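Here's the structure we're looking at; comments come further down.
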Amino acid sequence: MLIKSRKSWHLTENDVTPEHLYLNRRAIMAAGGAAAVSLTAGACSAEEAQTGAGRGAMPADGNLTARETDYRPPDGDLTSLDAVTGYNNFYEFGTSKTDPARYADRMTTDPWSIEVTGHAERTGRFGIDDLIDFNALEERIYRLRCVEAWSMVIPWIGVPLGPILESFRPTSDARYVAFETYFNREEMRIGPFPVLDWPYVEGLRMDEAMNPLTILAVGLYDRVLPNQNGAPIRLVVPWKYGFKSIKSIVRISFVSEQPPTSWNRSAPNEYGFYSNVNPNVDHPRWSQASERVIGAGPFARRDTDMFNGYADEVASMYAGMDLAENY
């Protein structure tokens, strides 16, 4: 028998969800016939991933059923759905926090495919149903910490990234994973001052990508992702600042050298490649010691935790590194 020790941030769902939201959500799930799905159902061979055989597809009605997990922060209620979907950074649709919700519906998300390239035995173009088994989704309640010193608590729906990467059989030359966001000037609001060099790109070291906390999300609050939140598929890396969790992914590349990333390329003195949440290393223009809690009132703040509260799970990956130099 495998006995899991409970981490400091593993609590019951009642501890992090307001009771009325919890009861309402459970009633909706019960009415919809939601059922638990075992973790082992997410495992599949490379051949199954290629054909989609025996795998659940994205539901046409947008409702998602996910297995509950014990991934949840030790403090803070879930951020309201209105706040999660109405307060966003997605600069391809404008720099105001409300612009993505207003304009992102212009983005085409169906059909959607992801190109896999680089140092792997299996590469090519794959549909979402080829990569994600919608019968094996998990709910992960993570705190999202933005580099702008605000945070949310979000019930993501998705699957661990690691097994998906393994299905492509990366070679020993694959030391990093690079990601690229969908970009279409006809559907996006890129003005005369484009802010960044598009398309948006991000990257992780291979061990970071394979860490069990790293997921590919396809939904939140039991529904498919809204466009402004990165539909139809995005990365979620909870111990890093939010801009590392790239949205609307269209390319995954296995590379041998540290890949360029959009914000690091734009302002390397402000946005490092690692961008781990670190309250002891300030942004050049503001403190990172605390954060504004979105949806909890205009003056609600909390102290920021090292690695956003996930130090037990990830700190060993950075043993011996100077985390001020490697910010």
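Ordering M206, M306 by accessible surface, largest first, gives M306, M206; the 1.4 Å probe counts only protein heavy atoms, with every chain in place. Sorting the segments 209-218, 182-191, 287-296 by their residues' average number of neighbouring beta-carbon atoms within 10 angstrom, most packed first, yields 209-218, 287-296, 182-191.
In this structure, the amide hydrogen of R251, modeled 1.01 Å from its nitrogen in the peptide plane, lies closer than 5 angstrom to those of E115, E180, counting only residues at least 5 positions away or on a different chain. Taking all protein chains together and a 1.4 Å probe, the residues F254, F299 rank F299, F254 from largest to smallest accessible area.
The average projected area of the range 82-160, computed from the convex hull of its Cα atoms over all directions, is 7.4 nm². Among the GluC sites (Glu not before Pro) in the range 88-174, those placed in a DSSP loop whose Cβ has at most 10 other Cβ atoms within 10 Å are E121. Backbone amide hydrogens, once placed in the peptide plane, bring V237 within less than 5 Å of S245, excluding anything fewer than 5 places away on its chain.
Directionally averaged projected area (the range 58-318, Cα convex hull): 13.4 nm².
The values are calculated or read from the model by the stated rules, or taken from the named source; none is laboratory data. What you see is a predicted model, and the numbers here were worked out from it, not measured in a lab. Here Cβ is always computed from backbone atoms with ideal geometry, including for glycine, and neighbour counts include all displayed protein chains. Note: accessible area is taken over every heavy atom of the protein model, side chains too, but ligands, DNA and RNA are not part of it. Shrake-Rupley method; radii C 1.70, N 1.55, O 1.52, S 1.80 Å.
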